[in-house]
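Data first, discussion second: the structure below is written as structure tokens.
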Amino acid sequence: MAASDTYGMSLKDRPEFSSKPKPLCFPPTAKVSEAVAEMSAKNFGSVVIVDDDQKVIGIATERDVMKKLVAANKDPQTTTLADIMTKDPRLARETDDVVDWLRIMSNERFRRLPVVDEEGRIQVIFTQGDFVSYTWPDLIYQAKELAKASVGRNYPVWLIGGGIMLYSLLMIIVVSSIG
């Protein structure tokens, strides 16, 4: 992933980068019950599994708990995070481009993106929701431009203006007849 040349396009330039809480981190030997208790208490959907140097080696999500623990009928008191985590998850660098990761997450169908610094230490987790906040203004702009092009192409300007004037006159007549 290449670093972005444009300010505001890298992950670290997004407002979410500095405003999000630090992710929950656990060693691979931690019990699933401990991680789930913290996830529940803090309303988090995942925990990051780190090695002794605090480098990311895995991630355990609610889906991992459901599929690899509950569905497998394992005991959360004895099962470790290493047993259910997704090993070697996709990791983004702080300087990676937002749009590149938006596309990758969509194509590869994953919802959480650990973002690491130059040393590979976890900084933040971006979710699909964080990317929606990035794309929403652009989608509204594109819809507006498409509507303008469609209306302008299908109806002459005089017809649109005439319709607005006729509507305005009718509203004046209706409002003045009420009062």
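Since every read-out is calculated from the coordinates, none of them should be taken as a lab result. Everything numeric in this text was worked out from a predicted model, so none of it was measured. We place every Cβ from the backbone using ideal geometry, glycine too, and count neighbours over all the protein chains shown.
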Please go through the residue pairs Lys20/Lys74; Lys20/Lys87; Lys20/Lys42 and name each one whose alpha carbons sit more than 21 Å apart in this structure. Lys20/Lys74; Lys20/Lys87
Is there a quick way to get the dipole size of segment 67-126? I mean about its Cα centre, with the Cβ of Lys and Arg at +1 and of Asp and Glu at -1; what is the value in debye to the nearest 20? 460
log₁₀ of I(q)/I(0) at q = 0.11 Å⁻¹ - segment 1-93, Debye sum with one point per alpha carbon: -0.37
Could you calculate the contour length gain from Thr29 to Asp100, that is, 0.36 nm times the residue separation minus the distance between their Cα atoms, to one decimal place in nm? 22.2 nm
